[in-house]
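Single-structure report; data block below.
The values are calculated or read from the model by the stated rules, or taken from the named source; none is laboratory data. Being a predicted model, the structure only gives us computed values, none of them experimental. Virtual Cβ from ideal backbone geometry, glycine too; neighbours counted across all protein chains shown. SASA here: full protein model, heavy atoms, side chains in, ligands and nucleic acids out. Shrake-Rupley method; radii C 1.70, N 1.55, O 1.52, S 1.80 Å.
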Amino acid sequence: MSAAKIVLQLSSREGFEVKVSEAIHKGKPIIATRAGGIPLQVQHEKNGYLVEVGDSDAVAKHLYKLWTDPKLYKDMCAFAKVSVSDEVGTFGNAAAWMYLATKFAAGEKLKPNGKWINDMMREDCKQPYSEEEPRLPRKVIKTGY
């Protein structure tokens, strides 16, 4: 992926695609479908483009723009590097699992009440997210399923 100029993730169904976060973390613009958890990761027209499943014309249009417009490409690469949340990477996932294991091993029962595990962990550690820190949207995104 390090040698890629642009990344495509054109799934028709998807969960939360780690490859998308990895591409964004490496500063690669991404063209991806509005499937599953992908719209949580790709910020349309900022770190990539979201297209409808099967819309190859939109994929081609965005690919052409990124390939032929050096300023657009540079801007998307720069934004991508700072727009991905650590909560989706290896460290964030490992920290969340360790938090859960620690709580369960201590016999605690967790009641998230709509909170995300990462948010609960950060609050317990007295390290809440700052307003400037990138993180996944906390609202529900409908994807057509």
Legend entry - Candidates 108, 87, 45, 52 - the one that is closer than 17 Å to residue 11 by Cβ and among the charged types (D, E, K, R): 52
Inset, instruction - Those residues that are touching a Gly at 6+ places or on another chain (Cβ under 8 Å), open to solvent by 20 Å² or more (accessible area, probe 1.4 Å) and in a loop (DSSP other than H, G, I, E, B), I need them from segment 18-45; list them, please. - result: 34, 36
Legend entry - Subset of segment 46-58 [surrounded by fewer than 18 Cβ atoms within 10 Å (Cβ to Cβ) and more than 17 Å from residue 137 (Cα to Cα)]: 52, 53, 54, 55, 56, 57, 58
Inset, instruction - Could you list all residues from segment 1-17 that are open to solvent by less than 60 Å² (accessible area, probe 1.4 Å), assigned to a loop (DSSP other than H, G, I, E, B) and over 18 Å from residue 74 (Cα atoms)? - result: 11, 14, 15, 17
Legend entry - Yes/no for residue 137 being part of a helix (DSSP H, G or I) and either within 15 Å of the chain's Cα centre (by Cα) or closer than 17 Å to residue 26 by Cβ (or both): no
Inset, instruction - Kindly indicate whether any position in segment 85-97 is assigned to a helix (DSSP H, G or I), more than 23 Å from residue 22 (Cα to Cα), in contact with an Asp or Glu (Cβ under 9 Å, 6 or more places away or on another chain) and open to solvent by less than 40 Å² (accessible area, probe 1.4 Å). - result: no
Legend entry - Residues of segment 68-84 satisfying the condition of being surrounded by fewer than 16 Cβ atoms within 10 Å (Cβ to Cβ) and assigned to a helix (DSSP H, G or I): 68, 70, 71, 72, 74, 75, 78, 81, 82
Inset, instruction - Specify the residue that is farthest from residue 79 (Cα to Cα); the eligible residues are those in segment 93-128 that are over 16 Å from the mean Cα position of the chain (by Cα) and of a type in the set (Phe, Trp, Tyr). - result: 104
Legend entry - Given (1) among the β-branched types (Val, Ile, Thr); (2) within 27 Å of residue 2 (Cβ to Cβ); (3) modelled with pLDDT under 95, index of the condition residue 53 fails: (2)
Legend entry - All positions within segment 98-128 that are assigned to a helix (DSSP H, G or I), surrounded by 12 or more Cβ atoms within 10 Å (Cβ to Cβ) and aliphatic (A, V, I, L, M): 100, 117, 120, 121
Legend entry - Flag for residue 94 being at pLDDT 95 or above and of a type in the set (A, V, I, L, M, F, W, C): no
